[in-house]
Every structure is written in C-alpha cells, then in structure tokens.
Amino acid sequence: MLQNRVLESQIQFLQEVNDNLNTLDSVFLELKANHQISTQNINLALRATHLIKYGANIRGFRLLSDFAHRLEDSLNVLKTRLNSLENDPELHSLLLAGVDWLRQIVKLLSDGYVVDEQWLVTFCLPMFEELQKHLDDSVVTPANALQDVIPLLFQTEVEEYLQRLESLLPDGEKSDLKPEIEMIAAQLSSLGEILQLKDFIQLCQSIRQHLDAAVSNTDVTEIARLALLAWRRSQTLILTRKIDSLPTNIALDFDQKVDFNNQIKPEVFATKISTFTCLLALAIVQFWVMVR
C-alpha cells in the first residue's frame, strides 16, 4: 500500500516537472527574443528550477535533482547580469539545451527506465559545465564595483525574498512553509557566494540546518520568524556599510526543549514527598523507643 502511494507521488511529481520546464522555456525564449529578462521572470525561472531540485531530491530522483541544481546555480549568476545582458546566442543555446536535458531525464523516469549515470556524465554534464563556464567568463566584476553592487542587490533582490517570507508568516503553521524557506535560504546563500559574503552564507547555512532539525510546523514557523529577523538585520548592516558585523547564525536549539512527558507530574511529586515524610517519621519514632 505504501509502495503504491510512493509511486503515485513520483508520477504526479514528474507530471508537474513538465509545467516547470515549460516555464523555463518561456523565460529563456524571452531572453533570446529580447536580449533581456525581467526580474519577475528570472525569479519564476529560479523558483521552477528549485521546485524541480527539491521535489526530485525528496522522491529519490538524485540525478534529476543534481542537474536542476546546476541550472539553478547558473541562473543565480545570470540574475546578477540583468542590467548588462547583450545578444549572446551561445548563452541562449546553452540555457535551452539545459531544459532539453532535464526533459530527457524526466521522460526516461516517466517511462520507467533507470537513468544511466555514466551516459549523463558523458553527454549531459559537459553541457552544464560549459554553461557555468560561459557565465563565469563573461562576468568580470572588479572588487570596488562589487562593493557598489552589494547594497543595490540587497535593496532589490534580497528585499523581494524577505517580502515573500513576510507574506507567508501570517498564515501560521502551513505544511508548505518549510520548502518555501528552504528555497529562500538556498537562493540567498547562492547570492552570498556570488557577492563573496562569507558570514551571510554561514547564516543561510545555519537556517537550513535548523530546518533539517525541525520536527513540527511550529518549529518551522519559529525558524522562519528568526530567519526573517536575521536577514533583515543583515540587510540593514549591509546598507549601512557594516559588512563585518553580519550575523552568522540564528539562536535556536530544539535539543534544549523541555519534554513535559518525561517530567515528574506535580501530584506524583507530592505523593513521593508524602511517602518519604511518613517513612522518616516512623524511623524517628522507632529510634526514640529504642533509646528509652
């Protein structure tokens, strides 16, 4: 019975992946036609790749998750270039080829085939590596220019993610809150790597580690609240040029929570004290009789 439910979940997920791949196609075709992508659409593309990566990972499709992650990393780099995009046919071809490879993997999985990892390493991996190299080679940011870019991105890109998180918190303990926070933490961590903000990366990693340790929706909601506060503080510090003071973690330890089920209940504790008192009184009386 459980095996059937798992299989149904996998089939449904693979069907949903095709919708996300269609989103990616639309965004990349927009880039090819107009030589630019709106911030809204690049965020749609990042969300689509993250959903593929996250969903594939929890359903055991490791290879699909790995290659979606590679595409996600490339999109994070591309996002930093939105204001300086030029006509780049090679970039267009590599992005669309990346989507085609993900479609092939999904098709094989949907048809019940076992994906040959060596085949992917031989033919698929080089394309994704070429995409990353193409983006890395075309982005040369001087150190002083990077310092000017950081506040700008925290005013725009980071602000969008934080507003998204703020909009989710009022809904309370939603079961889908955890993947949303994981996605935001992953995106902000990737942005931190691009901007070379080690403390900010460490903060995002701390948040993701706490999410892994969370055992209930209440835990996740508390992590989300603390994460929002820490990210807001980081944003303020960066906008005031105090990068050296960035927080690196959130203070939350589930291991120190009190387990009330294992505590002595008041009535039991009172009973134990009463029993002890009676025994002590009896011992004193017996001692007094012996002495007399």
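Listed values, structure above:
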{"item": "Whole-Hz ³J(HN,Hα) from phi, Karplus 6.51 cos²θ - 1.76 cosθ + 1.60, for the range 233-250, glycine and proline x", "result": "4, 4, 4, 4, 5, 5, 5, 9, 6, 10, 4, 5, 9, 5, x, 10, 7, 10"}
{"item": "The range 163-214: GluC sites (Glu not before Pro) in DSSP loop, at most 15 other beta carbons within 10 Å", "result": "Glu173"}
{"item": "Alpha carbon centroid spacing (whole Å) that separates the range 98-133 from the range 31-84", "result": "16 Å"}
{"item": "Probe 1.4 Å, accessible area per residue of the range 172-245, Å²", "result": "47 Å²"}
{"item": "Separation of the Val121 and Asn87 label points, Cα + 7 Å toward Cβ, nm", "result": "4.1 nm"}
{"item": "Local electrostatic count, His35, Cβ distance below 14 Å [Lys/Arg +1, Asp/Glu -1]", "result": "-2"}
{"item": "Sequence-distant aspartates and glutamates (8 or more away, or on other chains) whose Cα lies within less than 12 Å of Lys178", "result": "Asp212, Asp219, Glu222"}
{"item": "Nearest-0.05 FRET efficiency for Glu193 and Leu96, computed from C-beta distance (R0 35 Å)", "result": "0.90"}
{"item": "Largest to smallest principal axis extent of the C-alpha atoms in the range 1-153, angstrom", "result": "59, 30, 29"}
{"item": "Solvent exposure ordering (accessible area, 1.4 Å, most first) of Lys53, Lys198, Lys32", "result": "Lys198, Lys32, Lys53"}
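The values are calculated or read from the model by the stated rules, or taken from the named source; none is laboratory data. No experiment lies behind these values; they were computed from the predicted model shown. Using ideal geometry, Cβ is built from the backbone for each residue, glycine included, and neighbour counts are taken over all protein chains shown. Just so you know, the surface numbers come from the protein's heavy atoms only, side chains and all, with ligands and any DNA or RNA stripped out. Shrake-Rupley method; radii C 1.70, N 1.55, O 1.52, S 1.80 Å.
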